[in-house]
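Contents: one structure, followed by commentary.
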Amino acid sequence: MSPRSLTDLQKDNIHDLCRGNPLVLTYIVTLIKGRPDDDIEQLLATIEYTGNIKSLYEGYWKKIQANGEIQHLLALASRIKGVIDIRWLQTWRGGPVALQRFEREAGHFFKRERDASRWLFFHNSFKEFLRTKTMEVPIGRPSEDADRKYFRELATHAGDAGHSQFDQIYYWALARDPVAFKSLVTQEYFATQLERGRSHDAITRDIRSALDYALELQDPLLFTRLVLAGAGVELREWNMQHTEFVPTLLRLEEHETALEWILDDHALAMPPEPALRACLELLDKGFSSEAREIFDLAEPLDYLNGRVISRHENPYPIIKTWVEVATRFRKVDEISESILRLTFDQGGDDYRGNLLYWQAITYAMLSRWDEHDRVLARFPGIPDGNYWECMVYFYSLPELARAGDPVRVPREFDKLDDMMVDEGLHRRCGIEHANVCYKLGKSDAARMLLATVEVPEIREGNLDAPNKEHLMEYRPFILYYQLHYALSGRLYHDEEVLEEIATHRLGRFYRALMEISSIRAISTSNVGEDFDVSSRLELLITVFEDFEGWAFHHDTIEAYFEFLIHAISTLKGTAIRSFCDLVEREWEDDDGGSDWSPSLRRSIVMYLREAGASEEWIVAQLSLIEEMMLSSGDASGKVGQCQEQADAWMQVGDKAKARTCIARMYKETWSVAFRRDYQMEWWVDWLDRANGKEPARAVERITRLCKIIAAVKPVTEGDAPAYAADALIERTFQLEPDLGLQALHWCADNEQIYYFRALNALFKAALNRPDSNVPILVEIYGNFLLPFLNDHVVESRTTRAVVEGMVRGLSEATGAFFTRSIKRFLDCISVYASTNTWKIWRRSLGLALRGAGFALGDYGMVEADLETVDPFSTFLPDSQNEERQAFERDLGSVHTGDDLVRVAEHRASNFYAVELIAQFINRTDIILSIGNITRLIDLFVDKNYASSLVIHLCTMLRDRGARRLARDKKKTLVKVQDYFTLEDWVLTTFEDLMHEDREDTRALLFSVLREYFKRHWYPQNILDILHRLLPLMIDEVPVMEIWHEIERYITYVTSSVNVDAVACTFQEGRHLQTMMVVYDLLLDHVDHLVSSLERACLRTCKVLLLENAPDFKDKLIGRCSGDAAITENLLAVLQAIACRDPAKLTNIIPHLHDLVQSPNFVILFLASGVLWQLGQQVHVVRNTTPIPIYHKLVLEPS
């Protein structure tokens, strides 16, 4: 209804009723719209509004109080998630007649989307009013049962055909129906949504809603499922973060899916810059209201409203995008004013000029010349405005000429000529001026201008950075030679120029640019009618090959080929066909490596399509690209390949193939990827638990995980697969040493590990085995492995655990033996540790000794061995050092507990408060009262950084007998802290509280987790600590049920790699003793390719023989009967022992006599030498059959 159709009296009446409230006005206008004049007065008389919006709602509610069906439909509508689908309601609630009555009575409170059957509340205030009102029972109090009844009704029908089934879990959770809810909560339920393209935000919102109910139910298995599902969504979101596929969805007419990816309950669900770009696609598809909403949400208002932009920021990409898109939504002057309002802490003039340039160019592209002129009027008022105004003319004048404007072109060309009189401008952009003259048919003027400009110099440029516009740096060079060839009528190159570029690092690249310039000159002049481009194509295509020490970025190469193909497309004849044939031959000889990546091939194909290549050839090449595009690369790269391929198929009109690519894209997102690949270590942790519960399938599980680690390695970056392999070797060795050694060898043979780091993990496991001989392990570790560990490994948690395991294991021996072993390990550190690791080793050992209660001095160590150097201490600002010193002076005056409290109250916000107070409490003799301790806790309990101090103070309270008070303070601590992740101290505090009251603590844990997940969402972090969290939730963790859920998760996140293609087979463990397996590991290095490792092995063998290592001598002799090289090296060890302590070898004399009979002279000689050292008579039987190798070394006489 138009305002003109209302009488003045009705307008006044509406004005009085609204009282200036725009929402009430919206309701009234919607109510009376389309109604007969006779009804309007009657309808207006029913409106009750006293200035509070609730009064309007209450008046309406009274009006429909007798209409139970309308009330029921409103109750359902207020609980429907997102858009209200009226057609869906109609199918199961009242039919068409009831819905018509509902629309007549309540329709004015809703707005319609482009589809009249999709409704939204005009304002959430009415939705909340209805939700509260329809929860009331007759006595007027809210009833949760009434609320749940409506959600149960919605949940029952959410799975109906024609309606999204994805909302079921949301409704069942709010209906608080545990049976129906649990039946839905599976990883498959959410995985299906991912595969169908539902947005991450929508799925995550449902998972978090479901997780809240799972925590209310205190169900650990449901909790685990939902966290795993959330982690899968998070992983997929990570892999898709750099892929803009929303425009592809819009082109595939999947409008609702695309909008769900952009908007989530009227908030942006994607970064602002791609959201802005999506607005243009939405406008083209007719979604103007949605595009406007997205634009309003995505505007970079903090920049546009004058916030100072730091020199460290780069807002240019998003502001430039905003300028281009804003031309469709904002008035021209609003955009210009926003640009000029931009504020920078340094410079900024180029930013403003460049952005105004893009604003003007955008209007020129849209042929909106009046707005284009308004932008031009802004340039004289800004620094360097003349330059930017000229740049606009260089673009817009040829556009105006093509549009056939006979008035504007000469007028604006004269203005440009007048401006270009300036020498500075002529020097900066004289070539562009000449180019415009040439394009406008003013060849004489162009020739004269070209003669007065400097020849562009040859320069390095910035071709290795990701920006297609970097090729613009070479535009002056290209334009100069294009004009030179066109205006001079000569297509050959000046010898002087060719000689200069021949010596340049980028000589081939510059030569190619000159060739392309000559090609472009042909299409704009009458020269070179007999020009043969085919002879030059090979140089132009292979220009980027064989550049030593130089990496051209993909964007630069792509821009080059776009430039080249555009030039060739201007030629007559078969130039494009020749180009297609040549690149096809090049690609047949290439395996899709860096020179001709799938992305580059696809770009070239699509440029050739624009240039007129045959559609048959285009389709054939796209099919070949699709076959190879996923053969390598990480998850994010594969996702990008699928999206680009889908776009390409859309351009050739094949929607079916485009949809197939999008489906493959969804599948590729299920992949462990960089920065999300370190999760594999917790997989190993739970595999170990499952193996402990069900050892019969241990080999099968370990084999599978080895294959998975190997399969995901090519699609990840960093060391995550190697760390996971280390953990798997450690846990497998701890379970079954022989199986652990097999895993080590397989991982080493397949290059899955850093060998010495993996050995370190294996020794950690060996030290924890109950049948280990710790003193002998310490000897092997110190002499064999320690020399090869770098500082990163030595500083790791694994090495600290190894040293602690040594001390713990050795402490079970007698005092003298313990001291001897520790001192021998210290000797190994002194002799074999590098300069980088020597101090780290001593500190680790010192801390382990002190932790076990041993005095450092008894082992030749001092307190200085425990000191660490803080690498950041020298960088503290003077102000912070002064704060610390002032705090320390205050603490120096503390003599009582009350004094300490006063200082703490005064200095609580000090940067060093927690550290210095903790140090003071630990070293002081002052007795703190319970009141003092309580006051200190209250000061720091809500500060994130003070948790360790608060826990220590609570322990002091408990030690003073105030156990209940200490418990209450700890409960307060875990409730009031707003932690981003559930840190170690949180879990430790809960574990401590569990010892005192399990049920109360468990209830507190679930309450804290519910609040935590409402604020934060880091499911991967939760999975890292799941092994500590679940025992707090339940007395006996259902390990196998949890493991089966984790197996499902692993299957999902590795579904995009071919795990079964990895060959891996392990034999069942032989249940060997730990030391037998460690001896085998050591002796495997007797004849190692790395000589230093071989020497360390032989040295360790000597030490073990001298130390009478149990069973080692038999192991060593057993190896002497095999490979000749191994036997020779071991005999050298035995010879050293014979010289040092002959008695050690008396029981192996018979074995030595057997070796003397060897046909190998070296073995015979070494064995004889050992026997001679032992005082034995040697009888050698002459062997007339030489060993095979002699035939290769000695030529028989002919």
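The values are calculated or read from the model by the stated rules, or taken from the named source; none is laboratory data. No experiment lies behind these values; they were computed from the predicted model shown. Virtual Cβ from ideal backbone geometry, glycine too; neighbours counted across all protein chains shown.
Residue-by-condition table, conditions (1) of a type in the set (Phe, Trp, Tyr); (2) at pLDDT 70 or above; (3) part of a helix (DSSP H, G or I):
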| site | (1), (2), (3) |
| --- | --- |
| Leu540 | no, yes, yes |
| Phe563 | yes, yes, yes |
| Ile568 | no, yes, yes |
| Lys572 | no, yes, no |
| Cys580 | no, yes, yes |
| Val583 | no, yes, yes |
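Taking the criterion of being among the small types (Gly, Ala, Ser), touching a helix residue (DSSP H, G or I) at 6+ places or on another chain (Cβ under 8 Å) and at pLDDT below 90, the residues of the range 586-611 that qualify are Gly592, Ser597. Could you list, in sequence order, the residues of the range 372-390 that are surrounded by fewer than 20 Cβ atoms within 10 Å (Cβ to Cβ), under 43 Å from the mean Cα position of the chain (by Cα) and part of a helix (DSSP H, G or I)? Gly385, Tyr387 - these are the residues of the range 372-390 that are surrounded by fewer than 20 Cβ atoms within 10 Å (Cβ to Cβ), under 43 Å from the mean Cα position of the chain (by Cα) and part of a helix (DSSP H, G or I). Evaluated against (1) at pLDDT below 80; (2) closer than 24 Å to Glu290 by Cβ, Gln42 falls short on exactly one condition, (2). Within the range 208-222, the set of residues being surrounded by fewer than 23 Cβ atoms within 10 Å (Cβ to Cβ) and within 25 Å of the chain's Cα centre (by Cα) comprises Arg208, Ser209. Take the conditions in contact with a Lys or Arg (Cβ under 7 Å, 6 or more places away or on another chain), modelled with pLDDT under 80, part of a helix (DSSP H, G or I) and not charged (D, E, K, R) and apply them to Leu25. Does it pass? For Leu25, the condition - in contact with a Lys or Arg (Cβ under 7 Å, 6 or more places away or on another chain), modelled with pLDDT under 80, part of a helix (DSSP H, G or I) and not charged (D, E, K, R) - is not met.
Residues being of a type in the set (S, T, N, Q), within 28 Å of Asn124 (Cβ to Cβ) and at pLDDT 85 or above are represented in the range 280-288 by at least one member. Within the range 499-519, residues that are farther than 18 Å from Ile565 by Cα reach partners that are assigned to a helix (DSSP H, G or I) and at pLDDT 80 or above with beta carbons closer than 7 Å, at six or more positions or on different chains, in the pairs Ile501/Tyr510; Ile501/Arg511; His504/Tyr510.
How about the range 1014-1122: which helices (runs of 4 or more DSSP H) wholly inside it have at least 2 residues that are closer than 25 Å to Leu1155 by Cα?
Hits in the range 1014-1122: 1074-1083, 1091-1106, 1112-1119.
Counting only helices (runs of 4 or more DSSP H) wholly contained in the range 685-802, the ones carrying 3 or more residues that are in contact with a Leu (Cβ under 9 Å, 6 or more places away or on another chain) and farther than 24 Å from Leu1093 by Cβ occupy 698-712. Give the residues of the range 660-716 that are under 19 Å from Asn750 (Cα atoms) and among the hydroxyl-bearing types (Ser, Thr, Tyr), sorted by residue number. Correct list: Thr703, Thr716. When the range 186-201 is filtered for residues that are over 22 Å from Gly637 (Cβ atoms), out of contact with any Phe, Trp or Tyr (no Cβ under 7 Å at 6 or more places or on another chain) and buried (at least 21 other Cβ atoms within 10 Å of the Cβ), only Phe190 remains. Considering the range 1036-1057, the residues that are free of Cβ contacts under 8 Å to residues at least 12 places away in the same chain and more than 12 Å from Arg225 (Cα to Cα) include one that is nearest to the chain's Cα centre (by Cα), namely Thr1051. For Ala855, the conditions (1) crowded, with 20+ Cβ neighbours inside 10 Å; (2) over 39 Å from the mean Cα position of the chain (by Cα) all hold with the exception of (1).
Scanning the range 928-958 for residues that are acidic (Asp, Glu), modelled with pLDDT under 90 and not in a loop (DSSP other than H, G, I, E, B) yields nothing. Meeting the requirement of 3 or more residues that are polar (S, T, N, Q) and surrounded by 18 or more Cβ atoms within 10 Å (Cβ to Cβ), the helices (runs of 4 or more DSSP H) wholly within the range 597-679 are 635-651.
Of everything listed in (1) surrounded by fewer than 19 Cβ atoms within 10 Å (Cβ to Cβ); (2) under 20 Å from Gln643 (Cα atoms), the single unmet condition for Thr243 is (1). Is it the case that the range 338-349 has a residue that's closer than 17 Å to Val436 by Cβ and within 37 Å of the chain's Cα centre (by Cα)? Within the range 338-349 (the criterion being closer than 17 Å to Val436 by Cβ and within 37 Å of the chain's Cα centre (by Cα)), the answer is no, since none of the residues qualifies.
Quick one: would you say Asp870 is surrounded by fewer than 16 Cβ atoms within 10 Å (Cβ to Cβ), among the acidic types (Asp, Glu), at pLDDT 90 or above and over 20 Å from Ala766 (Cβ atoms)? Don't jump to the end; show me each part of the working.
Values: surrounded by fewer than 16 Cβ atoms within 10 Å (Cβ to Cβ): yes; among the acidic types (Asp, Glu): yes; at pLDDT 90 or above: no; over 20 Å from Ala766 (Cβ atoms): yes.
When the stated conditions are applied, Asp870 does not pass them.
If you filter the range 1069-1091 down to residues that are free of Cβ contacts under 8 Å to residues at least 12 places away in the same chain and either exposed (fewer than 15 other Cβ atoms within 10 Å of the Cβ) or aliphatic (A, V, I, L, M) (or both), you find that the one that is farthest from Leu739 (Cα to Cα) is Ser1091. Close contacts from the range 428-452, counting a first residue that is exposed (fewer than 15 other Cβ atoms within 10 Å of the Cβ) and a second that is small (Gly, Ala, Ser), with Cβ to Cβ under 8 Å and a gap of 6+ residues or different chains, come to Thr452/Gly430. Considering (1) of a type outside the set (A, V, I, L, M); (2) farther than 30 Å from Asp984 by Cα; (3) in contact with an Asp or Glu (Cβ under 9 Å, 6 or more places away or on another chain), the lone condition that Ser1091 does not fulfil carries the number (3).
Among the conditions (1) surrounded by fewer than 17 Cβ atoms within 10 Å (Cβ to Cβ); (2) at pLDDT 90 or above, the only one that Pro274 does not satisfy is (1). Residues of the range 1088-1136 that are under 19 Å from Gly1169 (Cα atoms) and among the β-branched types (Val, Ile, Thr): Ile1117, Ile1126, Thr1127, Val1133.
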